[in-house]
Amino acid sequence: MCAGDALVVASRERPDIIVIDLNMPGDSFEAISKIPQYSPQTKVLAFTASAGIDYAVRALEAGVSGYVLKGSTANELCEAIQKVLTGETFITPSFATKVIVALRDASLRKIAARAIKLSLREDQIVKLLLRGRTNKEIANQLNISEKTVKHYMTLLMQKLNVRNRLEVIIAAQKLGEEYREREPGRANFVN
């Protein structure tokens, strides 16, 4: 069976639940996200050997209602199916805390990125910082004074809630992806 077959089963049979192995051939994450189009009432349970946090977060974001590791007991699998069928979310208990922490951290990063609005000049300075430029080099490239660059560095440290130039660079790298998603028409943090 492949990921595409899950869509065929969802559209033909309209089951209450589909159990998907994330490692099956095809794009299982895409199939998970499309199942509601074919059968809105169908819940998806991932049953997989993949104990990677990123894999689990990606599956939950794609729309699974449960994530059960293949090393789980039969009772855990049965409990997962029952909980998912009643509208609850189930994650293998020994793995759940790690997944919850990862989801919370990702959510906090997205909230922080939405809250930060950089001016065009601040954005230009951050890009040059990420290229390893000094304040003097930044000033020369942007045709502004070094004192003005220092002023913008102070503003950036306040906005990013950091204490020094290195922390500005680290914060910019961490927020880079979320920032690009939020501001598609603006200059990006990274090259």
- Item | Those residues of the stretch 59-69 which are surrounded by fewer than 17 Cβ atoms within 10 Å (Cβ to Cβ) and either at pLDDT 90 or above or in contact with a helix residue (DSSP H, G or I) (Cβ under 8 Å, 6 or more places away or on another chain) (or both), in sequence order | Gly63
- Note on the structure: Note: among Gly26, Gly63, just one is at positive phi and touching a strand residue (DSSP E or B) at 6+ places or on another chain (Cβ under 9 Å), namely Gly63
- Task: Quickly run through the stretch 34-47 and pick out the residues that are out of contact with any strand residue (DSSP E or B) (no Cβ under 7 Å at 6 or more places or on another chain) and either buried (at least 18 other Cβ atoms within 10 Å of the Cβ) or assigned to a loop (DSSP other than H, G, I, E, B) (or both).
- Result: Lys34, Ser39, Pro40, Gln41
- Message: Filter the stretch 50-87 down to the residues that are among the small types (Gly, Ala, Ser) and more than 18 Å from Lys34 (Cα to Cα) and list them by number.
- Response: Ser50, Ala51, Gly52, Gly71, Ser72, Ala74, Ala80, Gly87
- Query: Yes or no: Ala31 within 19 Å of the chain's Cα centre (by Cα) and part of a helix (DSSP H, G or I)?
  - Reply: yes
- In the stretch 1-22, what residues are exposed (fewer than 14 other Cβ atoms within 10 Å of the Cβ) and within 21 Å of Thr89 (Cβ to Cβ)? Asp16
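The values are calculated or read from the model by the stated rules, or taken from the named source; none is laboratory data. These figures come from a predicted structure and were not determined experimentally. Positions of Cβ are backbone-derived with ideal geometry, glycine not excepted, and every protein chain shown enters the neighbour counts.
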